[in-house]
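Computed from the coordinates by the stated procedures, all read-outs in this text should not be read as laboratory data. Note that this is a predicted model, so its numbers are computed, not measured. All Cβ positions, even for glycine, are placed from backbone atoms using ideal geometry, and neighbour counts span all protein chains on display.
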Amino acid sequence: MVNRDLLRISGTTKALAIFGHPVSHSLSPVIHNAAFSAAGLDYCYLALDVFPEDIAKAVDGVKAMHFAGFTLTAPHKQTVIPLLDELTPEAQAIGAVNTVVEKDGRWIGTNTDATGFRHQLQLAGMYRKGMKALMLGSGGAARAVLYILSQVASEVIIFNRTLSKAEQLMESLAPFQGNCKWSALPLEKATIGPHLEDASLLVNTTSVGMHPDEASCPLPEGLALRSSCGVADLIYSPPKTRLIQMAEAAGAKAASGFDMLLYQGVDAFTFWTGVEPDFEAMKAALQKARS
Ligand code: NAP
């Protein structure tokens with residue numbers, strides 16, 4: 001079958017790509033190529049498998065080939081930073097970059113995971129000033145989540161299997177804590193249980209429950225959710241994790257990582273092109289790819 005999008009690639013097409021390892025699961029090419037096509041913009045976006053030790057060579061390559069920019073997924077979001085000329089305040093604060101644009105010969109990095117997560121909460125009616133929020137996990141994505149939660153919550157408690165990593169996360173984001181109270185506890189039934197009584201939000205930033213491990217749940221066995229505690233899961237595959245199913249069964253608000261994925265892409269598109277993408281085209285392409 002002829003791929004119609006390939007037919008529009010020409011000698012003037014601007015190149016963009018996502019670097020990751022692995023990267024074949026990425027839905028970013030689907031979202032971005034749909035948006036470029038809908039906007040009639042002459043760009044083409046690829047997924048490129050870049051080994052961790054090759055990130056500097058890959059960045060040198062896109063500079064030499066005059067790409068318009070690139071995006072990054074695990075494991076490159078932090079190691080790319082010394083290779084760039086400038087960071088936006090968000091990227092600087094979070095200490096991770098997922099989107100890079102070339103402007104006047106300078107390579108500028110930003111973090112649209114953070115704005116994507118804020119959209120996820122806002123769309124689900126879970127972005128509430130003064131709330132008490134619980135986070136499960138403290139890996140790469142947790143950095144953007146803690147940054148955004150600290151702007152709206154009065155208290156954030158981070159639960160992680162490896163407690164020292166949660167403590168390191170708090171230490172590295174300390175300048176952006178503002179008036180929000182932070183603490184870290186081991187991810188266990190006895191430590192989480194009491195806090196589920198009065199929390200307004202539970203965010204899963206762990207990879208537990210992600211395809212193909214769909215039967216797993218990051219919340220320890222034997223804990224119940226309340227209808228007053230909304231649940232946001234960063235995982236977007238499967239569309240409804242076990243945690244999201246538990247939240248819905250408890251009558252709580254629930255949001256999967258779909259909106260975060262979509263909006264981090266929307267914000268990346270705008271960062272590159274200076275124009276808003278056709279949101280419905282991106283959403284439809286993502287839904288089709290996921291089904
Ligand atoms: P990461 O850096 O590898 O961090 C993984 C986290 O999960 C760590 O806190 C780790 O705990 C915890 N964890 C892993 N296995 C566990 C287990 N068996 N029991 C308890 N905790 C466990 O990964 P990441 O980049 O932050 O990504 C996390 C998830 O977010 C992934 O599913 C990813 O797809 C999703 N994500 C979604 C979006 C979106 O746009 N929706 C964006 C970014 C990420 P330890 O510290 O103890 O190892």
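Structural remarks
- The charge dipole of the stretch 89-196, taken about its Cα centre with unit charges on the Cβ atoms of Lys, Arg (+1), Asp and Glu (-1) only, comes to about 280 debye.
- Considering all different alpha carbon pairs of the chain, the Kirkwood hydrodynamic radius works out to 19.7 Å.
- Cα centre as origin, Lys/Arg/Asp/Glu Cβ charges: the stretch 27-148 dipole, Debye: 700 debye
- Amide N proximity, the stretch 213-252 versus R161 label position 7 Å along Cα-to-Cβ, cut-off under 13 Å: 213, 216-220
- Filter on K129/K283; K165/K240; K63/K283; K132/K181; K181/K240; K132/K283 - keep pairs with C-alpha separation over 21 Å: K129/K283; K165/K240; K63/K283; K181/K240; K132/K283
- Chain lengthening between S10 and Q122 when straightened (0.36 nm per residue, less Cα-Cα): 36.4 nm
- When the chain is treated as a GNM with alpha-carbon contacts under 10 Å, the residue of A190, A96, A74 showing the greatest mean-square fluctuation is A190.
- Around the amide H of A254, modelled in the peptide plane, lie the amide H atoms of V231, all under 5 Å away and 5 or more residues distant in sequence or on another chain.
- Stretchable slack from K181 to H66, in nm (0.36 nm times residue separation minus alpha-carbon distance): 36.9 nm
- Calculated P(r) of the stretch 188-255 - Cα pairs past 15 Å, %: 47 percent
- With the highest mean first, a sort of the peptides 98-109, 231-242, 274-285 on other beta-carbon atoms found within 10 angstrom per residue produces 231-242, 98-109, 274-285.
- Most positive-pole-ward Cα, Q92, A133, L187, against dipole of the stretch 64-216 from beta carbon charges: A133
- Taking amide H as placed 1.01 Å from N in the peptide plane, V203 has its amide H under 5 Å from the amide H of L134, M135, L136, A232, each at least 5 places away in sequence or on another chain.
- Rough spin-label spacing in nm, given labels placed 7 Å along Cα→Cβ, for I81 and E280: 4.1 nm
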